Amino acid sequence: MSSTEASARTGVSDDGPMTGVEDDGPRGTDMASRLAVLRERQERAREMGGPEGLRKHRESGRLPVRERVDMLVDPQSWFEIGALALPERRTAKHVPGDAVVTGFGRLDGRRIGVIGIDASVVAGTTAPISMRKQGRLIEHAQKHGFPLVLLCDADGGRMPDVSGWRFSGLPLDFATFLKPEPGRPVVPRAAAVLGPSYGDSALHASTAHFVVMLRSSSLALSGPSVVEPAIGEKVTDDELGGPEAATAAGNAHLVVETEADAMDAIAAFLSYLPANSSRPAPHAPARPPGRDPAELETLVPTGSRAGYDVRDVFTCLADEASILPWADGWGPSVLTALARIEGRPVGLVGNQPIVRAGALDPDALTKQRAFVDLCDTFGLPLVFLHDVPGLMIGTQAERGGILHGYEGLVSRIAEATVPKIGVVLRKAYGGGHFAMGGRPTRPDFLYAWPTAELGFMAPETGVRTVYRRRLEAALAEQGPEAHAALIEELTAEWISEAEPWEAAAHLSLDDVIEPSRTREVIATSIDIALGDPE
């Protein structure tokens, strides 16, 4: 890397610090002269990386930060603060706004706060003034109760601005930077990862309730230029924190192709949520479902081992064109999505039978807990669609933290105060049933289809576990045919006990319903659970 490239990357000039760069000499004291100075400085603040910096930025396939802001907010609604900010350490390199744009705008008519990192100058690196600007914007959003949008595209901390003693003294207050002060409502945070995003940008993404990521971007605590000298691991941006790695780790919830797609995804996400957790979620006009609910009778096979895509079930329940997937690539044996039913925002949680038969592993439990927390925080009813053979077991699951993940999830579901509606589509066994909102987690209503099976274990496992000695004796004394016949007999008895009829008779279920009525039953149950708004 040349010294010129290093200077552009770090914001340090080979000529050393220069003071008074912004002082253009004596000016008049009359208002006209002062206004001229103001306008000149405002113009320089809008230069971002200048012609050369912007050219290189565009050649990398990325848009300048101010074009990103214009793409995000409603026309004529942008209100910027901190535009005249400059670095504490002034060098020959002009760094407008200290490489970050902050302000307020409207998105679909609602006020939002925006932090946009300007990677066209000093690679968007963070220094004390840019951090103070970001903190001020976050403080406004949290104090005044409106959503925060983070446009991430930065290469970490700027050297030497954050080196040595300066690092300890950075204006970063974790009591307010990461979450609201105690007693204040929570505001939605949405992040768009639009380029290599390390350091502060990664921290921003970690605080967001929704992270959308460009396929060409990357997201990690530190970038490859730090990883290799620190631990000797040579990796690319994509290998370290590209979309595949970021989604599998739960760091990103959606991957898109273009920056316009990213802004649309943020707008869609925020449309389901209130401005803050003290307000009700916004309704939209009711629309018909994406598919006829009557198709549910054939979409879901009756055989408990046959696969199907639970997204098809989502489409039959949700209003058309209203489903926003949330973290499909993380813990994919359970799918979560924001959607609307009869215009009301809801959170959908459904086992995915085509991934490990829908069994819940540590990642699936952690993902589901985060989604339940999102919905409960912002007042979205939860809809659980059970088709789960149980929790994953074995050494890998135990070392992955299955016990803590399970305990944390069922506790969080039980604590949730939003309406919770469950429907057992096919099977709901063991701890997996409870982790999907079974009766011990206090659902408002719990239903089942006629095809449902419930119990401590799936028949195949349960028969061989409970009747192990009896089966071994049959095999030893009567041979393989008798052994197989006994398994068949015991399995039939087990399934008979697992059918939904006795559960409904004893009120473990509120009702057994026809699949075609599922959307109607869920919508009515949510209305009842919400109670009289007056």
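Residues in region 154-174 that are more than 22 Å from the chain's Cα centre (by Cα) and either loosely packed, with under 11 Cβ neighbours inside 10 Å or hydrophobic (A, V, I, L, M, F, W, C) (or both): 159, 162, 163, 164, 165, 167, 168, 169, 170, 172.
Considering region 154-180, the residues that are hydrophobic (A, V, I, L, M, F, W, C) and assigned to a loop (DSSP other than H, G, I, E, B) include one that is farthest from residue 99 (Cα to Cα), namely 178. Listed conditions (1) surrounded by fewer than 24 Cβ atoms within 10 Å (Cβ to Cβ); (2) touching a residue at least 40 places away in the same chain (Cβ under 8 Å); (3) under 21 Å from residue 299 (Cβ atoms) are all met by residue 337, apart from (2). Of the residues making up region 431-466, those that are surrounded by fewer than 18 Cβ atoms within 10 Å (Cβ to Cβ) and within 21 Å of residue 393 (Cβ to Cβ) are 440, 456, 457, 460, 461, 464, 465, 466. When residues in region 373-395 are screened for being part of a helix (DSSP H, G or I) and either buried (at least 21 other Cβ atoms within 10 Å of the Cβ) or in contact (Cβ under 8 Å) with a residue 24 or more places away in the chain (or both), 5 of them pass. Based on what the data block shows, is residue 123 of a type in the set (A, V, I, L, M) and assigned to a loop (DSSP other than H, G, I, E, B)? Here the answer is no, as residue 123 does not meet what is asked.
Of all residues being assigned to a helix (DSSP H, G or I) and over 18 Å from the mean Cα position of the chain (by Cα) in region 340-372, which is surrounded by the most Cβ atoms within 10 Å (Cβ to Cβ)? Just the residue, please. Step by step, filter region 340-372, then rank; the result is 358. Just one of the listed residues (225, 201) is over 20 Å from residue 256 (Cβ atoms), small (Gly, Ala, Ser) and at pLDDT below 90, namely 225. Selection within region 44-100: residues that are buried (at least 17 other Cβ atoms within 10 Å of the Cβ) and of a type in the set (Asp, Glu). The member of this set that is nearest to residue 149 (Cα to Cα) is 80. Being outside the structural domain of residue 71 (by TED's automatic domain parsing) and outside any loop (DSSP other than H, G, I, E, B) holds for only one residue in 305, 287, 311, and it is 311. In summary, helices (runs of 4 or more DSSP H) completely within region 181-251 and bearing 2 or more residues that are surrounded by fewer than 23 Cβ atoms within 10 Å (Cβ to Cβ) and of a type in the set (Ser, Thr, Tyr) occur at 200-207. Give the number of residues within region 467-487 that are assigned to a helix (DSSP H, G or I) and surrounded by 11 or more Cβ atoms within 10 Å (Cβ to Cβ). Count: 13.
Residues in region 314-334 that are within 24 Å of residue 458 (Cβ to Cβ), crowded, with 19+ Cβ neighbours inside 10 Å and out of contact with any strand residue (DSSP E or B) (no Cβ under 7 Å at 6 or more places or on another chain): 331 alone. Residue 331 fulfils the conditions (1) touching a residue at least 40 places away in the same chain (Cβ under 8 Å); (2) outside any strand (DSSP E or B); (3) under 26 Å from residue 450 (Cα atoms) except for a single criterion, (3).
For (1) at pLDDT 55 or above; (2) at negative phi; (3) of a type in the set (S, T, N, Q), each residue gets a yes or a no:
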site: 4; (1), (2), (3): no, yes, yes
site: 22; (1), (2), (3): no, yes, no
site: 25; (1), (2), (3): no, no, no
site: 33; (1), (2), (3): yes, yes, yes
site: 43; (1), (2), (3): yes, yes, no
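Annotation: of all residues in region 458-490 being closer than 23 Å to residue 390 by Cβ and of a type in the set (Gly, Ala, Ser), the one that is modelled with the lowest pLDDT is 462.
Of the helices (runs of 4 or more DSSP H) entirely within region 29-75, those holding at least 1 residues that are of a type in the set (Gly, Ala, Ser) occupy 31-45, 50-59.
The values are calculated or read from the model by the stated rules, or taken from the named source; none is laboratory data. What you are looking at is a predicted structure, and each value in this text was computed from that prediction instead of being measured. In this analysis, Cβ positions are derived from the backbone assuming ideal geometry, glycine residues included, and neighbour counts consider all displayed protein chains.
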